[in-house]
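Report on the following structure.
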Amino acid sequence: MLKKFVAIMLAVAALPAIAAEESISLPEPELQGGKPLMEAITARKTSREFSAKRIEPQDLSNILYAAWGISHDDKRTIPTARNLQKMNVYAVVDGGIWRYDGKQNILIRTGEAEDIIPALAKQDFVLEAPLTLIFTGEPDDHDYMAMHAGSAYQNVALYCASRGLNNVVRGLIDYEKADEVLGLEGEKVIITQTIGWPYM
């Protein structure tokens with residue numbers, strides 16, 4: 001596992017300068033195309049095998065839009081109880097930890113991937129995957145945050161099925177360490193989702 005971790009860190013260091021920016025603008029999400037809904041539902045599956053092939057900005061934008069974007073009338077692409085919208089989505093990608101701002105369609109850098117990967121990589125395959133999403137929310141008496149995260153990762157899973165990407169929803173992480181690295185106050189990590197291309 002250590003050898004894989006070192007190899008991934010070396011690969012990350014060689015990525016383009018995107019990882020050096022404090023914030024980056026994403027391409028506009030693609031709102032047309034892909035498989036019809038029923039085909040995507042039928043094709044949706046969990047996979048724990050990922051190549052190290054990079055997730056390009058357009059796919060990253062589409063994934064994050066599906067998870068937590070703004071679709072119309074200042075509404076999210078997922079339903080939220082009482083329209084609370086009390087959730088955040090972080091992307092561990094291209095050597096950084098980035099918080100997604102769906103209203104501006106940008107990523108805001110909040111940390112270094114190497115700081116959180118040990119908390120996420122209790123399963124070796126995570127070390128090879130190019131993208132992990134982290135869903136965070138505010139605890140409440142009705143567990144709304146878990147429902148919101150479930151809606152978000154299902155949207156992402158359907159996009160992955162349409163696009164030919166592999167994905168797996170993962171709870172086997174070090175939650176306390178992840179909360180600490182993200183610097184969460186009043187929130188906590190709910191669940192994660194690892195995404196990447198299959199081996200060709």
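Some notes on this structure:
- Any hit, segment 99-106, residues being within 21 Å of Gly34 (Cβ to Cβ), in contact with a strand residue (DSSP E or B) (Cβ under 6 Å, 6 or more places away or on another chain), without any contact (Cβ under 8 Å) to a residue 60 or more places away in the chain and outside any strand (DSSP E or B): yes
- Here the helices (runs of 4 or more DSSP H) wholly within segment 1-74 that include at least 3 residues being modelled with pLDDT under 95 and not basic (Lys, Arg) are 2-13.
- Pair list, Cβ < 6 Å and 6+ apart or interchain, from segment 39-54 residues that are at negative phi to residues that are in a loop (DSSP other than H, G, I, E, B) and surrounded by 15 or more Cβ atoms within 10 Å (Cβ to Cβ): Phe50/Glu128; Phe50/Ala129; Ser51/Trp197; Ala52/Glu128; Lys53/Trp197; Arg54/Pro130
- Checking Thr42, Thr46 one by one, the residue that is within 15 Å of Gly150 (Cα to Cα) and of a type in the set (Val, Ile, Thr) is Thr46 and no other.
- Yes/no for Ala149 being over 22 Å from Ala52 (Cβ atoms) and either of a type outside the set (Val, Ile, Thr) or at pLDDT below 95 (or both): yes
- Complete set of residues in segment 155-180 that are in a helix (DSSP H, G or I), out of contact with any Gly (no Cβ under 6 Å at 6 or more places or on another chain) and surrounded by 16 or more Cβ atoms within 10 Å (Cβ to Cβ): Asn155, Val156, Ala157, Leu158, Tyr159, Cys160, Ala161, Arg163, Ala178, Asp179
- Residues in segment 127-154 that are crowded, with 19+ Cβ neighbours inside 10 Å, assigned to a loop (DSSP other than H, G, I, E, B) and out of contact with any Lys or Arg (no Cβ under 6 Å at 6 or more places or on another chain): 2 in all.
- Residue selection: Ile97 fails the criterion of being out of contact with any Ser or Thr (no Cβ under 8 Å at 6 or more places or on another chain), surrounded by 21 or more Cβ atoms within 10 Å (Cβ to Cβ) and more than 16 Å from Trp68 (Cα to Cα).
- Checked against the criteria, Lys86 counts as at pLDDT below 95 and among the basic types (Lys, Arg).
Rundown of residues vs (1) basic (Lys, Arg); (2) under 27 Å from Lys177 (Cα atoms), yes/no style:
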| site | (1), (2) |
| --- | --- |
| Ile41 | no, no |
| Asn62 | no, no |
| Arg76 | yes, no |
| Ala81 | no, no |
| Gly95 | no, yes |
| Ala129 | no, yes |
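- In segment 110-126, the residues that are surrounded by fewer than 20 Cβ atoms within 10 Å (Cβ to Cβ), modelled with pLDDT of 95 or more and either on the phi > 0 side of the Ramachandran plot or in contact with a helix residue (DSSP H, G or I) (Cβ under 8 Å, 6 or more places away or on another chain) (or both): Thr110, Gly111, Glu114, Asp115, Ile117, Pro118
The values are calculated or read from the model by the stated rules, or taken from the named source; none is laboratory data. Computed from a prediction, not measured in an experiment: that's the story for all the values here. No Cβ is skipped: glycine too gets one built from the backbone with ideal geometry, and neighbour counts run over all protein chains shown.
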